[in-house]
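The structure appears right after this line, and notes come after that.
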Amino acid sequence: MDNNRFYESQLSKPETLVTIKNNPWKTILIYMVLGFAWIKFSDTIVAQLTSDYKMYMLVQSIKGSFYVLLTGGLLYFLIRMDNRKIFQLSRSLSESNQELVSFSEEMIAVEEELKNNYESLQNAMKKVENHKLFIEGFYTNTNTSVVAWKLSGEIVEVNPFYTEVTQTNSEKILGQDVTEIVFDNCDINITEFIENLRLNPLDNKFESRLCTEEGSCLTFLWSNAIMHHPELNEEVIVSFGLDVSKEKEKEKQIYDLAFKDKLTGLHNKTVFEIDVNQLIESKQNFTLLYLDFDNFKNINEVLGHAQGDTFLKNYAHLIKEAMPNLICYRWSGDEFALVAKTEDTTTIKEIIAEIMKLTKKKWIMKDFEYFPSISIGVTQFPKDGFSHIELLKNAEMALYKAKESGKQQCCYYEKSFQAEVERLIAIESTINRTLIANTFELFYQPIYKLSEQLIVGFEALLRWQVQTQAISTGDLIDVAEKTGQIIEIDQWVIDNAFKFSETNLKQLNKVISINLSAKSLTSSQLIPHVSALLDKYDINPDLIEFEITEHSLIENFDVSLKSINELKRLGFKIALDDFGTRFSSLNYLRKIPFDTLKIDKSYIDQLSRGGKDQLIVEQIIQLSKKLGLKTNAEGIEELAQANRLVYLGCDYGQGYYLSRPVPEDKAIELIR
């Protein structure tokens, strides 16, 4: 600033230059005025003072010399004054020049500094512009939804990502109330929210669901900040939304894995335990219904597990839709648990009736008509137990009792079930130990050709020796069929009977007859098992006869027929056991390729007395001959019975009169 003022002061002094410019003319003018004045006045004065010419000339010379001296002095004085001024001016100019040089250098430095400052400013402005572009790019291209809204709730700005994910345009959003967009389905008061945001700016997150134009919904996690809007010149709330839909889906998957059944989507055992314990703690009376399909494994074996799973999934959906007031759980396999928050007898009966009705309707699976039936065990809190474990155990006992009573039955828990169930559990445990220890034993009852009293084969019969419990073989078979252990038992019997046949009967051309349970006949394991044993043992399948009861056929006729045909294809013989005890026997004879009919003991018992029983036995024998089947009479206990059977033309017989079942060594003695 000082240099500028100096420069301005120097430029404001034009008289300096004027003085320098006019000084020579001033001196000359003075000299001329004085010269002309001297000449004019001096000559006049000299002329008046003397008339002598010489004197006049002398005076003129003196006057001239004096003029020269006077004008010289004057010139000296004038020139000296001018020189002094010039010197002063020169010195002043020199000083000014130095100051101007210094000022010029400073100006150059200032100019350089200004230039540098300008460049720095330009760079700073460029950086600001680039940063602005970066921020705008971040705002535009971020994967975060940004919604700015006034304190009144009016939306004033949204970023492109928001419109992209919601598949809408900003024009539809701007001006709308934020409670209908961001806060939709959220129980949030805007005024309270803003107050809390001011008090706790870091604690303001919440979740909401945004629905697209196509109808799909996304879950967003929002964080919020209060900012000043430069264009509106007022405070606005800026909400930043992060799409957490995938994370929420993963959370749901984790939750479903922990608390839902993967196949049906119903609650699982974990949730059952939590729910029931909560009901017990709150002293809420409720009823537990434990459901299990009858013979459902047949569906899996015939149509495959995929079809079985599809049925269970559809059934679960049906029950859940039809029974909205019940809490439904998938227990395991084809078992379900339902909880009704009531003990009212009428209501529970209506629920059970509705379940039975829904279950027994016709289901079509792969062109296969399926008419399922279900058994139900019922227990109630607090009448039947005070913990979820006790209630479930009692419900299982009631279910077991329902199945024991036949298909599609419902049974309420009674305390008397406990002793019976404990006995059954003990038998089941004993069966497992016996199978593991391989301590079952086969006895063999001879089968005679009645007309010649000749042993033509043996029926293999299971026996076991249990020292601590009074358990008959019949009890063992009953329990094994209920628990499914019968399949493993049958496999053990077949294996040992094949071994006995290879060792003792093959060379003698004797037949071994083996009983097949209903579960084994419909099991997918049967054919692979016997096929493997044919490879293991050197036996003739024509000397192996499998006995099948009518009860086995009723269980699942289509599956049973398929297994029988496979056994026939492998070369085995098939006998129909207990013939005549079921109303559908003749129908089976028409459809199934039997080789032998075994006449039930109930007819043989009364045979010697004649009458209707003898007539029935006679007709069975005649029918068999016409169909090309052999007959075998069971339970012959008297000589008269044996003689009558020979008279009627029965081919084979067995019973206590002929021989009791004997162990292996005794059976070998009988045929040697």
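Key figures
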{"quantity": "Meets criteria (closer than 25 Å to Phe371 by Cβ, of a type in the set (S, T, N, Q) and in contact (Cβ under 8 Å) with a residue 60 or more places away in the chain) for Thr522", "calculated": "yes"}
{"quantity": "Top-ranked residue of the stretch 589-600 - restricted to ones that are modelled with pLDDT of 90 or more and not in a loop (DSSP other than H, G, I, E, B), ranked as nearest to Asn643 (Cα to Cα)", "calculated": "Ile599"}
{"quantity": "Total residues in the stretch 428-455, condition of a type in the set (D, E, K, R), in a helix (DSSP H, G or I) and either touching a residue at least 40 places away in the same chain (Cβ under 8 Å) or more than 22 Å from Lys482 (Cβ to Cβ) (or both)", "calculated": "1"}
{"quantity": "Residues that are closer than 19 Å to Ser373 by Cα and in a loop (DSSP other than H, G, I, E, B), drawn from the stretch 328-362", "calculated": "Gly333, Asp334, Lys360, Lys361, Lys362"}
{"quantity": "Residues satisfying the stated conditions in the stretch 504-536, i.e. under 45 Å from the mean Cα position of the chain (by Cα), among the hydroxyl-bearing types (Ser, Thr, Tyr) and surrounded by 23 or more Cβ atoms within 10 Å (Cβ to Cβ)", "calculated": "Ser520, Thr522, Ser523"}
{"quantity": "Residues of the stretch 625-641 satisfying the condition of being closer than 21 Å to Phe458 by Cα and outside any loop (DSSP other than H, G, I, E, B)", "calculated": "Lys630, Thr631, Asn632, Ala633, Leu639, Gln641"}
{"quantity": "Test: residue in the stretch 642-650 that is more than 60 Å from the chain's Cα centre (by Cα), outside any helix (DSSP H, G or I) and within 29 Å of Trp464 (Cα to Cα)", "calculated": "no"}
{"quantity": "Looking only at the stretch 632-672, and only at residues there that are of a type in the set (Ser, Thr, Tyr) and in contact (Cβ under 8 Å) with a residue 40 or more places away in the chain, the one that is farthest from Leu442 (Cα to Cα)", "calculated": "Tyr652"}
{"quantity": "Failed criterion for Lys612 (all others in (1) under 28 Å from Leu645 (Cα atoms); (2) basic (Lys, Arg); (3) surrounded by 17 or more Cβ atoms within 10 Å (Cβ to Cβ) hold)", "calculated": "(3)"}
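The values are calculated or read from the model by the stated rules, or taken from the named source; none is laboratory data. All of these numbers come straight from a predicted model, not from anything done at the bench. Don't worry about glycine lacking a Cβ; one is built from the backbone with ideal geometry, like all the others, and counts go over all protein chains shown.
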